[in-house]
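A.B. asks: The following block contains the structure, expressed as C-alpha cells.
The values are calculated or read from the model by the stated rules, or taken from the named source; none is laboratory data. Nothing here was measured: the structure is a model prediction, and the numbers come from that model. We place every Cβ from the backbone using ideal geometry, glycine too, and count neighbours over all the protein chains shown.
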Amino acid sequence: MRVGLYARVSPHDQQTLPMQRDALRAYVRQRGWSVARQIEDVGCGATERRLREELMELARRRRLDVILVWRLDRWGLSIADLVLTLQELNELGVGFVSLSEALDLTPPSGGALVGLLAMFVEFEREIRRERAKTGIAQARKEGRPHGRPRTAANQAERVREYSAQNLSQSEIARRLGIGRTSVRRILFGKR
C-alpha cells in the first residue's frame, strides 16, 4: 500500500511535529506499507491547507492508496470540510486512517462510516437553518430588527450635503465608505 503521511502543527506548537512523524512512520512499518509522500505542514487556524491539497492531488491521480494522519483536526478545516474530503477519498478508492481516533476507513465498511458522517453534517446544517429561520420569524414578530445593520441610512444627511456640493455619487460613496447603490437610494428613494 502506497501511503501519504500528513502531519500538521501550528507555528506556536511545533514540538509535536517529531512525535506525529514518529507515530505515523511506526504505524506504516507495523502495517507493512510504504511511504509514497510525507507532508509536514506548519500553519494556523482554519485557513486553506495548500500542502494537504498536494496529497489530495496524488490521490486523484491514483498515486496513493491510503492517507494517514495523526489526528482528524490536523486534516480537516471544519467538520464539513473533513466529511467532504473523506467522501472524495472514498469515491477515489483511497483509504484514510487517523491514529488518535483509531479511525480506519480502508476496509469496505469505511465507506459506510463516511456516509454516516455526511448524514450528521447535513443534519447539523438543517438544524442551524431551522434555528435561523425561527430566530428571524421571532424577531419580526416582536418588531426587532434583524439582518445586516443599516449603516448607509445613518449617513443620509451627509450624502445629501455632499450631493448639494455637486459631488458625484461615486465620490460621495468613496468619502463615506458606503456603496454607490446606497447613495442612489438615499438621494432618489429607490429600493
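A.B. asks: Take E48 and decide whether it is closer than 16 Å to W75 by Cα, outside any helix (DSSP H, G or I), modelled with pLDDT under 95 and not aliphatic (A, V, I, L, M).
C.D. replies: Spelling it out, E48 is indeed closer than 16 Å to W75 by Cα, outside any helix (DSSP H, G or I), modelled with pLDDT under 95 and not aliphatic (A, V, I, L, M).
A.B. asks: Of everything in the stretch 9-63 that's β-branched (V, I, T) and within 21 Å of D104 (Cα to Cα), which residue is surrounded by the fewest Cβ atoms within 10 Å (Cβ to Cβ)?
C.D. replies: This residue is V35.
A.B. asks: All but one of (1) within 26 Å of A132 (Cβ to Cβ); (2) part of a helix (DSSP H, G or I); (3) touching a residue at least 24 places away in the same chain (Cβ under 8 Å); (4) not aromatic (F, W, Y) hold for N154; state the number of the condition that does not hold.
C.D. replies: Unmet condition: (3).
A.B. asks: Which one of these does L113 not meet: (1) surrounded by 15 or more Cβ atoms within 10 Å (Cβ to Cβ); (2) assigned to a helix (DSSP H, G or I); (3) over 26 Å from the mean Cα position of the chain (by Cα)?
C.D. replies: The one condition L113 does not meet is (3).
A.B. asks: Identify, please: which residue in the stretch 55-85 is acidic (D, E) and under 17 Å from the mean Cα position of the chain (by Cα) and is, among those, nearest to R8 (Cα to Cα)?
C.D. replies: For the stretch 55-85, the residue satisfying everything is D73.
A.B. asks: Given the criteria over 28 Å from E124 (Cβ atoms) and either crowded, with 16+ Cβ neighbours inside 10 Å or not aliphatic (A, V, I, L, M) (or both), does V3 qualify?
C.D. replies: Yes; evaluated as a whole, the condition is true for this residue.
A.B. asks: Out of all the residues in the stretch 51-86, which are modelled with pLDDT of 90 or more and part of a loop (DSSP other than H, G, I, E, B)?
C.D. replies: Scanning the stretch 51-86 gives R61, R62, R63, L64, D65, W70.
A.B. asks: Is it fair to say L89 is at pLDDT below 95 and buried (at least 17 other Cβ atoms within 10 Å of the Cβ)?
C.D. replies: yes
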